[in-house]
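> This is the structure I have questions about; it appears just below.
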Amino acid sequence: MANSFDFEWPWQYQFPPFFTLQPNSDTRAKQLEAWKTLILDFHKLNKIYLLDITEAQASPLFNNKAINRKLNLEAINLILDELQKQGNVEWLDKQKQRCYVFWRTPEEWSQMIYKWAENNGLINTVCTLYEIINGDYTINEEFHGLDQGVLKKALTALEKEGRAELIIDEENEDNTLIRLLPSDYEGGVYRPTNRSRANPLAVSNKLLKELSCDGKNKSYSSTGSNVFMAFFGQFVTEEILNTRRPSCPPNYFNIELPKGHDYNKTGRRTLPFIRTKYSLKSGKSSNNPRKQLNGATAWIDGSVIYGTTRSEAESLRAFKGGLLKSMDEDGLYPALNEGYLSYLSPSRNIQENKMKKWHYRVGNSFAHENPFILTINIIFHRWHNLLAERLQAKHKNWDDEKLFFEARRWVVATLQNVIVNEWLPQFLGKELPEYQRYDPSIDPSISNAFQSAAMRFGHTMVPSAVYTRLHPKYCETSTIRLCDSFYNDQDITKNASVESLILGMAFQASEIEDVSIVDDLRKYLHGPPEFTRRDLAAINLQRGRDHGLPGYGVARKMLLPKEKIEKFDFDQMAALYPRYEKVIKNELPKFYSSMNEVDLFLGGLLEADEGLGPVFKEIILEQFQRIRNGDRFWFQNTENGFFSEDEIQRINDARMFKIILSVTEYLDLDSLPADVFHVPSLETDKDLQCLSDLIEYPCKLFGENATCLALPTIADKSLQCLSSVAPPVCRNSEAETYDYFTGSGLPYALSFLFLFLFIVGCIVALFILVNIRKRTISNLRQSVKQQRRNFSDENSCIGTEWMGKTEGTRDVIINFLADRKLLTICLLNKQMLRSIDLKHVQVVEVHVSTGGHLHYVLVRISREYDIILKFESPNEKEAFIEKLEAFLGRIGIGRQRYECTVNQMLKTAITKADRQKQLEQFFRVVFAQVGVGWSESYRAKAKYQSNMSIAKERSFKSFCTNTASPFGALYRLTRNKIFSADPFMADLISDDHPVTEVSIIYYILDHIFPRFSDSTFSSSPSSLPDELPFTEQKLDSAFSNLKKGKAPGPDGVDNNIIKLIYQADKNFLLCFFNKCLKHSCFPDIFKVGTIVLIRKLDKDPIDANSYRPICLLSSLGKVLE
């Protein structure tokens, strides 16, 4: 904020009446206009956007401390209401306590922001609000630091114009997880329900644990899915979902540890569980249950590659050739993080050995969770750089910005194609319906059922260990244990190489789609420092309860209405899925009272038979349809103009298989199966290398029976089915806890000791400062006393000036300058305070205190505030009075001496503040009187003008009324001029042609005004129509057109009188006019007009054209006309 002293205040700001609304309307209007300009200018200079009325009076804008005046709240509200009328203020609450002040309108801001985005190549780019108003690239822009609320209004204006799309922030309802199924909270609001539901850890240990192995069941995926497909599912999830952030403060829903559980060794009673961050606007009632927030966009927009903010994208870029920054010139691996980006923190024991700056710099903040998800991120890192290099080779004149965003556009499009057209059909076992068009009415937001249940189905497909193959031509393999790879991924990825990880994942079948989850996820999943291992199965169950998901039975009835099952119980579930008949009938009732209470995640796993069951399949299918069809930037949408038909076909051809071959060093057509999301099959991949090392097993590819080929299974959850290549047991497999207080006893005690010593030190310091101040004041007083004793100037005197009740006192020197008739007051250091001119003063009053131990003298001079002096002793007081009287005597000014008590003197004294108040009161009264005087003057002027109009009207009426004998002075003047000037007129004057008044009038009419032409009028009545033309409406119109204030005609009847007659009896005049019209006979008084000559101003009276003839008709004649 700029310093208020830098602001150039208008002259009215130093004028006290400016802070009081004036009673006169014109004065107030000017005052309000000045205030409106001042408010907008002040807010613009200081870049203030929000005004709080409760704090307004403390602002220098409304409080001028220099003149001790401030604007009251009523006046502030009135001014802001005026600004609201012209669009510069918007109230934020009904009580009108807070408002936006728009010194630029949102529309003006929107144009500036769009121009900035256009100039910087940011069109079709996602930018956060923070980047726009606080980013490094907007420092020189006027909207840098703009209030976020104003920014949203500006972006909304752009959105209405179709030039921007506002992705609402996380606290907005539009970015919450939506509900495909009804919520199931205790009380229907936000509290998770635990009725008839068992402990999640107990359910995990009993129902989700790996089944015993007899050495024959190899646990291969029944749909032919491979490990690459399983981890690509995690990649897809992190593209559209981020619900790992806790609310603030964290909201815990801990899981109680059952007796005998392995986690009991930690000494803890519960497994920490933090509820998902939620919208603070939700969870208020059963009609508005808690709504969880998604920190990522639901669209497939490449945020997992480029980050979710512009700052993240900038940190990933090389700013050269449109490339993403790589670790070295070969571009195979991303650059090291070096602290630029924040990634998910791993467990404490790993944190101590690894630092975040060692991580690769990628857009996915969860990419370093394991080397397999990181491998996929590296693939797309290379894919972007490959496209950027090809574009640069083709378009050599393109700059870095153009290359980067063009490559990004193609990467996002291919990602959309791979996810929806390749990965999803393999995961679902069926394809999405054919794409039709973009539908703006569709909400692509992620559903709770998708996030907390259905999409977690992939956890059952993750193996406990993953193969790596060093080279496609050599069939040697090694393994990586999953639980040992958490946040230890970078070394593994680099040592094993991306190619070897791809080969291993592509040829290894995922775990069979069933109810079990491997121990690496179910027991040894990484956790926070306070509990380093977690049970992912139990977490999934608890997450569903946290999000208020209904039971499996309820969900099945809603999602599969065609089944028409009235009561879905355990027996019916067992009949539908005999694979788990014993579990459903014998074990499930021990934990749940009915199928309606079974957690949706567990129910979805129990229905898995050769892939996803119908409930989960319906949830996932519905979700991806909304994501695709609700995305205006979807690559198949031809209406947005992003891609042509040919380009869309090229994107469809860019399969994941081709992408991998393009970005890897030694992989070729014979290295990978054509569909990289399932293991090879005898039917489609006969020519691949190392097929002899693979095991054949029956599977179904898209519902068709096939023979799949996969590497041997390497471990089940209980490690009872390990092959000869089994990985070692997980290191650091035991859960650890971290007590933040343990080992901190001494620092904790020292902190309190330091706090105590700090308080004591502050008290001691204050005591010392007080003593120093007292000593300083005492020394100063002694110095002043010494100075007074040594002061011997006859024309000066030292005293203590009393300035007021609250202003205090100060030591001053009073100087008597007789030669200039001046009395001056200055500080002891000679700094001038006051100068009083006594040239026009006749008498000075001197008030002297009597009695008591206080010695005061008050000097009162007309048109000045009083001088009140205090002295240490009576001698000093009398010495001052003697010098003052001598000074007044020398300059010839009289003095009057009064004696009073000190209290009386100070009570009646007029200080500088009192004088200021008197002046303000004077000006206020003067301005009020000026306003009253102006108002009275205005009324007098209006009355005068009215009287003038009445006099003119009466005079004109009198003139017109007297035209019955028009031969007056005007006629005679005209006659004389014509008689003397016109030879033709002279010819008329003879004995045969005597000059008469009538002949002169006809001459004037016929010769001086020759504009009239002879016309022949038929005297016979014309034929009339059956319907007479005079109607009441026509007569109303004619009478209403009679103007007020006009002169009457020859009949002397005023127009107002005629109107009153008509209003009294309309039928009479209507009948009268129609009778006259019918008989073609109108009275002469209606037809005859009186002609009067009026001389034109400043015209030659000799010239007849200098006169204007007017024809005066009677009022009824005007109506007829």
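> Around Ala538, with a cut-off of 14 angstrom between Cβ atoms, what is the net charge of the other residues, counting Lys and Arg +1 and Asp and Glu -1? Mind dumping the intermediate values first?
On the way: positive: Arg197, Lys206, Lys209, Arg456, Arg522, Lys523, Arg533, Arg534, Arg543, Arg545; negative: Glu256, Asp262, Asp519, Asp535, Asp546, Asp599.
Computed value for this residue: +4.
> Can you tell me which lysines have their Cα less than 23 Å from the Cα of Lys686? Leave out same-chain residues fewer than eight positions away.
Lys218, Lys473, Lys658, Lys700
> Here's another thing I want to ask about it. Count the net charge of all other residues whose Cβ sits under 14 Å from the Cβ of Pro673, scoring Lys and Arg as +1 and Asp and Glu as -1.
On the way: positive: Arg469, Arg655, Lys658, Lys686; negative: Glu422, Asp668, Asp670, Asp675, Glu683, Asp685, Asp687.
Result for the neighbourhood of Pro673: -3.
> Which shape class applies to the stretch 604-669: rounded if a/c is under 1.5, otherwise prolate when a/b exceeds b/c and oblate if not, where a ≥ b ≥ c are the square roots of the Cα gyration tensor eigenvalues? Walk me through the intermediate numbers first.
Values: a/c = 3.80, a/b = 1.26, b/c = 3.01.
The shape class here is oblate.
> A further question follows. Please order Ser326, Ser946 by the number of other Cβ within 10 Å, starting at the fewest.
On the way: Ser326 18, Ser946 10.
Sorted ascending by nearby Cβ count, the order is Ser946, Ser326.
> While we're looking at this one, here's another question. Past the 26 Å Cα-Cα mark, which pairs from Lys70/Lys153; Lys870/Lys917; Lys1066/Lys1118; Lys839/Lys907; Lys115/Lys325; Lys785/Lys821? Before the final figure, lay out each step's value.
Working: Lys70/Lys153 32 Å; Lys870/Lys917 24 Å; Lys1066/Lys1118 17 Å; Lys839/Lys907 29 Å; Lys115/Lys325 28 Å; Lys785/Lys821 29 Å.
Pairs exceeding 26 Å: Lys70/Lys153; Lys839/Lys907; Lys115/Lys325; Lys785/Lys821.
> Within 10 Å of each candidate Cβ there may be at most 10 other Cβ atoms; applying that plus a DSSP loop requirement, which GluC sites (Glu not before Pro) in the stretch 622-722 survive?
Values: sites: Glu622, Glu639, Glu645, Glu647, Glu665, Glu683, Glu696, Glu704; in loops: Glu665, Glu683.
Of the GluC sites (Glu not before Pro), the ones in loops of the stretch 622-722 whose Cβ has at most 10 other Cβ atoms within 10 Å are Glu665.
> Hey, fewest Cβ within 10 Å first, where do His678, His840, His459, His144 land in order?
On the way: His678 27, His840 8, His459 23, His144 16.
Ordered from fewest to most neighbouring Cβ atoms within 10 Å, His678, His840, His459, His144 come out as His840, His144, His459, His678.
> How much net charge surrounds Arg650 when only the other residues with a Cβ under 15 Å from the Cβ of Arg650 are counted, with Lys and Arg +1 and Asp and Glu -1? List each step's numbers first, then the result.
Details: positive: Arg390, Lys394, Arg409, Arg655, Lys658; negative: Glu406, Glu645, Asp646, Glu647, Asp653.
Here the charged neighbours net out to 0.
> In straight Cα distance, which lysines are under 20 Å from Lys590, not counting same-chain residues fewer than 8 positions off?
Lys206, Lys209, Lys259, Lys567, Lys582
> Could you please rank Asp569, Asp520, Asp26, placing first whichever residue has the fewest other Cβ atoms within 10 Å of its Cβ?
Details: Asp569 15, Asp520 25, Asp26 12.
With the fewest neighbours first, Asp569, Asp520, Asp26 line up as Asp26, Asp569, Asp520.
Values in this text are rule-based calculations from the coordinates and carry no lab data. All values reported here derive from a predicted model rather than from experimental measurement. Every residue, glycine among them, receives a Cβ derived from its backbone with ideal geometry; neighbour counts consider all protein chains shown.
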